[in-house]
Amino acid sequence: VQQLIDEFNKLDLKPGIVAVEITETLLMGNFQLVTEKLKLLKERGFSIHLDDFGTGYSSMLYLKDLPVDTIKIDKEFTKHIETNAVSAAIVKTICSLGNTLSLGIICEGVEAQIQSDLVKKFGCRIIQGYLIGKAMPYDDAVELIEKYANRR
């Protein structure tokens, strides 16, 4: 944690620009210790994202006790939202919960425009998946970011 904070300060980054993603696996070790470390990171300007939300047995408890800024809806829920009413209802409910709690929401696994349209309708403003782009080498990612930044 201290190494992250030192690098963050050394680079003089703006608060909120770096997100730390956590998964339930990380939390299973020592929940209280991890919570303390995440609170320290949040106090120092890091955003905290809870990855694969909805797949763990106690995700709701994490929302209550962790300093989470954003929840990432697992791609298994997003995968069939255009054809499966249960999947759509789950994504819609998680989006509603996130918005009610003033959390950011990211839907993972968005591969088609109809999925993007649906999650937007449900209240999700950020998507991740092949619709945006596939995994790419570092240099290509930097080029894409620079191209996007120059358009703004």
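Filtering region 16-75 to residues that are at pLDDT below 80 and of a type in the set (Gly, Ala, Ser) leaves GLY29, GLY54, GLY56, SER58, SER59.
The rows are residues; the columns are (1) open to solvent by less than 90 Å² (accessible area, probe 1.4 Å); (2) within 30 Å of ILE114 (Cα to Cα); (3) among the acidic types (Asp, Glu).
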| residue | (1), (2), (3) |
| --- | --- |
| LYS14 | no, no, no |
| LEU33 | yes, no, no |
| LEU66 | yes, no, no |
| GLY98 | yes, yes, no |
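Checking every residue in region 129-152 against the condition of being under 18 Å from ASP52 (Cα atoms), in a loop (DSSP other than H, G, I, E, B) and basic (Lys, Arg) gives zero matches. Please pick out the residue among THR83, THR70, THR78, THR55 that is hydroxyl-bearing (Ser, Thr, Tyr), surrounded by fewer than 16 Cβ atoms within 10 Å (Cβ to Cβ) and touching a residue at least 12 places away in the same chain (Cβ under 8 Å). One residue alone meets the criteria, THR55. Restricting attention to region 106-139, the residues being at pLDDT below 95 and farther than 14 Å from ILE73 by Cβ number 10.
If the condition is being surrounded by 11 or more Cβ atoms within 10 Å (Cβ to Cβ) and more than 17 Å from the chain's Cα centre (by Cα), then region 132-145 contributes MET136, ASP140, ALA141, VAL142, GLU143, LEU144. Applying a threshold of 6 Å to beta carbon distances and a minimum spacing of six or more residues, or different chains, the list of pairs starting in region 21-33 at a residue that is closer than 18 Å to ILE71 by Cβ and acidic (Asp, Glu) and ending at one that is surrounded by 14 or more Cβ atoms within 10 Å (Cβ to Cβ) and modelled with pLDDT of 75 or more reads GLU21/HIS49; GLU21/ASP51. Taking LYS37, is it out of contact with any Lys or Arg (no Cβ under 8 Å at 6 or more places or on another chain), among the basic types (Lys, Arg) and part of a loop (DSSP other than H, G, I, E, B)? So LYS37 fails the test. Considering each of ILE48, ILE81, ILE71 in turn, give the residue that is in a loop (DSSP other than H, G, I, E, B) and β-branched (Val, Ile, Thr). Of the residues listed, the single one that is in a loop (DSSP other than H, G, I, E, B) and β-branched (Val, Ile, Thr) is ILE81.
Residues of region 102-128 that are touching a helix residue (DSSP H, G or I) at 6+ places or on another chain (Cβ under 8 Å) and either outside any loop (DSSP other than H, G, I, E, B) or basic (Lys, Arg) (or both): GLY104, ILE105, CYS107, GLN115, LEU118, VAL119, PHE122, ILE127.
The values are calculated or read from the model by the stated rules, or taken from the named source; none is laboratory data. Model, not experiment: these values are computed from the prediction. Note that we place each Cβ from the backbone using ideal geometry, even for glycine, and neighbour counts take in every protein chain shown. To get the accessible areas, we keep the full protein, side chains included, count just its heavy atoms, and leave off ligands, DNA and RNA. Shrake-Rupley method; radii C 1.70, N 1.55, O 1.52, S 1.80 Å.
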